[in-house]
């Protein structure tokens, strides 16, 4: 905000009994990569009511009340104010390529496909396709069963911000495993030249059996270890008390 406009807004605010709050919105609007269509828009509010607006396309300040119109006409006649606004508009325009090249460069997502247990569902399983750290926000995650789009038993989260300009989302598919069935998570994003496909590969039954046997053996071993420690603890804390007659009966002299 220029010093002249700031001073006049303060003067205008304190000249009214009901003027309690003022704020300014400044926007650099553009749609091109080189910034040729950039527009600097500054809006000045008092009590949520628009009082002034500067539009670089018009090149002047506009007032929206009788008093504001007078102040705007006064400022538009000051060369230093007009030059300052033109300088800010030029800064806005020159920084557009920097914004596009650094902040707005698409970031390719990382994808993780896994199975989880579907609690309280009639389906015995659920697949989750998690997409992490992508930009821009718009993304499309689609489930395919044997190459055909799945439209039922699918739920997805919104694009969730990470807080670092990147996003994540998660898509869930409830399913009943069938022999020979191919299930795929397809991801489409601005950072990808073409959709990427991620096939779910179920764990082989032989490996599942080995894991089950190994887990059972580990649990059995753990039971024996715990039981042994409990037995040792009990044995080490039990004390056998041997009674003595010393001092219990008085001596008698015959």
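I need every pair where a residue in the range 32-61 that is under 19 Å from residue 87 (Cα atoms) has its Cβ under 7 Å from the Cβ of a residue that is in a loop (DSSP other than H, G, I, E, B), sequence separation at least 6 or different chains.
Qualifying pairs under 7 Å: 37/30; 37/31; 38/30; 39/56; 39/57; 40/56.
Just to be sure I understand the filter: pairs with C-beta atoms under 6 Å, separated by 6 or more residues or on different chains, first member in the range 143-167 and surrounded by 10 or more Cβ atoms within 10 Å (Cβ to Cβ), second member at pLDDT 90 or above and assigned to a loop (DSSP other than H, G, I, E, B). Which pairs pass?
These pairs meet every condition: 143/150; 146/182; 159/137; 167/137; 167/159.
Residues are listed down the side, and each one gets a yes or a no for (1) outside any strand (DSSP E or B); (2) at pLDDT 90 or above:
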position	(1), (2)
23	no, no
50	no, yes
53	no, yes
62	no, yes
70	yes, yes
81	yes, yes
86	yes, yes
90	yes, yes
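Scanning the range 62-79 for residues that are touching a residue at least 60 places away in the same chain (Cβ under 8 Å) and surrounded by fewer than 17 Cβ atoms within 10 Å (Cβ to Cβ), which turns out farthest from residue 21 (Cα to Cα)?
Just the residues of the range 62-79 that are touching a residue at least 60 places away in the same chain (Cβ under 8 Å), to begin with: 71, 74-75, 78.
In the following step, the residues that additionally are surrounded by fewer than 17 Cβ atoms within 10 Å (Cβ to Cβ) were identified as 74, 78.
Details: 74: 23, 78: 27 Å.
Among those that are touching a residue at least 60 places away in the same chain (Cβ under 8 Å) and surrounded by fewer than 17 Cβ atoms within 10 Å (Cβ to Cβ), it is 78.
May I ask you to verify whether residue 77 is in contact with a helix residue (DSSP H, G or I) (Cβ under 6 Å, 6 or more places away or on another chain) and at pLDDT 90 or above?
Judged against the criteria, residue 77 is not a match.
Could you tell me whether the range 120-128 includes any residue that is part of a loop (DSSP other than H, G, I, E, B), without any contact (Cβ under 8 Å) to a residue 60 or more places away in the chain, surrounded by 15 or more Cβ atoms within 10 Å (Cβ to Cβ) and not assigned by TED's automatic domain parsing to the domain that holds residue 21? Full working, then the answer.
Here is the first cut: in the range 120-128, the residues part of a loop (DSSP other than H, G, I, E, B) are 120-124.
If we keep only those that are without any contact (Cβ under 8 Å) to a residue 60 or more places away in the chain too, we end up with 120-124.
Next, from what is left, pick out any that are surrounded by 15 or more Cβ atoms within 10 Å (Cβ to Cβ): none.
No; the residues of the range 120-128 include none that is part of a loop (DSSP other than H, G, I, E, B), without any contact (Cβ under 8 Å) to a residue 60 or more places away in the chain, surrounded by 15 or more Cβ atoms within 10 Å (Cβ to Cβ) and not assigned by TED's automatic domain parsing to the domain that holds residue 21.
Please name all residue pairs, on different chains or six or more residues apart, with Cβ atoms under 7 Å, provided the first residue is in the range 13-29 and is in the same structural domain as residue 53 (by TED's automatic domain parsing) and the second residue is part of a strand (DSSP E or B) and modelled with pLDDT under 90.
Pairs that qualify, where the first residue is in the same structural domain as residue 53 (by TED's automatic domain parsing) and the partner is part of a strand (DSSP E or B) and modelled with pLDDT under 90, are 13/22; 13/46; 19/46; 22/46.
The values are calculated or read from the model by the stated rules, or taken from the named source; none is laboratory data. The shown structure was predicted, so the numbers you read here are calculated from the model rather than taken from an experiment. Backbone-built Cβ (ideal geometry, glycine too); neighbour counts: all protein chains shown.
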